[in-house]
Amino acid sequence: TDIPGVTGVGALHFLVLTRFRHLVRLFRVARILKIFRVVRMYRRITRNNVFIDLMINRPSVFLVILMSLFIILSAAALKILEQDAQDKWRSLTNVIWFTLVTMTTVGYGDMVPQSIVSRMISVFLMVIGVGILGLLTATMLKKLLLGGKSE
């Protein structure tokens, strides 16, 4: 009961292999459909999500918003942590000034955090500030060099 042209494979084995082949085809079709579903989901997310739309279409605006968010949140945390240590930390404008100066890595030294948690927040601000300002500079330079044209 061998199949002509295929040696060593019986008719029963051949039927099993052909059914398996249909199953493999079914999985290939399912994989292709999954790719279409992922593409459709990506379009839906980018169409409805304002932040992703800003990040893709207007990255400089997104980076300014992100930097402002970091400044406000870290200023609030630093004010809560440091207001009892020094008088300069009692004013919210002074703390916002400190976070802005720290994020831009200027660091005048007029205000210095005392607690370890405040210093860790300050180091985080420095690292995030370097990254965001670098990205903002690169985005603006790209816009300047392309003359406002899209790719």
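Return yes when Ile65 is under 18 Å from the mean Cα position of the chain (by Cα) and assigned to a helix (DSSP H, G or I) and no when it is not. Break it down stepwise before answering.
Details: under 18 Å from the mean Cα position of the chain (by Cα): yes; assigned to a helix (DSSP H, G or I): yes.
Spelling it out, Ile65 is indeed under 18 Å from the mean Cα position of the chain (by Cα) and assigned to a helix (DSSP H, G or I).
List every residue pair whose Cβ atoms sit under 7 Å apart, with the two residues 6 or more apart in sequence or on different chains, where the first one lies in region 112-124 and is without any contact (Cβ under 8 Å) to a residue 40 or more places away in the chain and the second, anywhere, is assigned to a helix (DSSP H, G or I) and open to solvent by 80 Å² or more (accessible area, probe 1.4 Å).
Going by the 7 Å Cβ cut-off, the qualifying pairs are Pro113/Arg119.
For region 70-89, indicate whether the set of residues that are in the same structural domain as Gly129 (by the TED database), part of a loop (DSSP other than H, G, I, E, B) and polar (S, T, N, Q) is non-empty. Can you show your working first?
Taking region 70-89 first, the residues in the same structural domain as Gly129 (by the TED database) are 70-89.
Next, only the ones that are part of a loop (DSSP other than H, G, I, E, B) stay: 83-87.
Pick out the ones that are also polar (S, T, N, Q) and you get 83, 86.
For region 70-89, residues in the same structural domain as Gly129 (by the TED database), part of a loop (DSSP other than H, G, I, E, B) and polar (S, T, N, Q): present.
Return the residues of region 15-44 that are of a type in the set (Phe, Trp, Tyr) and modelled with pLDDT of 75 or more; say none if nothing qualifies. Please lay out each step first, then the result.
The first filter runs over region 15-44 and keeps only residues of a type in the set (Phe, Trp, Tyr), leaving 20, 27, 36, 42.
Result: Phe36, Tyr42.
Please work out if Met126 is of a type in the set (A, V, I, L, M) and part of a loop (DSSP other than H, G, I, E, B).
Details: of a type in the set (A, V, I, L, M): yes; part of a loop (DSSP other than H, G, I, E, B): no.
When the stated conditions are applied, Met126 does not pass them.
Looking at region 93-111, which of its residues are surrounded by 13 or more Cβ atoms within 10 Å (Cβ to Cβ) and under 31 Å from the mean Cα position of the chain (by Cα)?
Asn94, Val95, Ile96, Trp97, Phe98, Thr99, Leu100, Val101, Thr102, Met103, Thr104, Gly107, listed by residue number.
Among the residues of region 47-72 satisfying the criterion of being out of contact with any Ser or Thr (no Cβ under 9 Å at 6 or more places or on another chain) and farther than 22 Å from Ala138 by Cβ, which is most open to solvent (accessible area, probe 1.4 Å)?
Arg47
Within region 83-98, does at least one residue satisfy the condition of being of a type outside the set (A, V, I, L, M, F, W, C) and touching a Ser or Thr at 6+ places or on another chain (Cβ under 6 Å)? Before the answer, list the steps.
Going residue by residue through region 83-98, those that are of a type outside the set (A, V, I, L, M, F, W, C) are 83-84, 86-88, 90-91, 93-94.
Okay, now just the ones that are also touching a Ser or Thr at 6+ places or on another chain (Cβ under 6 Å), so none.
Checking region 83-98: not a single residue is of a type outside the set (A, V, I, L, M, F, W, C) and touching a Ser or Thr at 6+ places or on another chain (Cβ under 6 Å).
Which of the residues belonging to region 98-117 are out of contact with any Phe, Trp or Tyr (no Cβ under 9 Å at 6 or more places or on another chain) and part of a helix (DSSP H, G or I)?
Across region 98-117, the qualifying residues are Leu100, Thr102, Ile116, Val117.
Which of the residues that make up region 73-92 are farther than 30 Å from Lys143 by Cβ and open to solvent by 80 Å² or more (accessible area, probe 1.4 Å)?
Pass one, region 73-92, residues farther than 30 Å from Lys143 by Cβ: 76-92.
Within region 73-92, Ile80, Asp84, Asp87, Lys88, Arg90, Leu92 meet the criteria.
The values are calculated or read from the model by the stated rules, or taken from the named source; none is laboratory data. The model shown is predicted, which means the values in this text are computed figures rather than measured ones. As a convention, Cβ positions derive from the backbone with ideal geometry for all residues, glycine included, and neighbour counts pool all protein chains shown. These area figures cover heavy atoms from the full protein model, side chains too; ligands, DNA and RNA do not enter into them. Shrake-Rupley method; radii C 1.70, N 1.55, O 1.52, S 1.80 Å.
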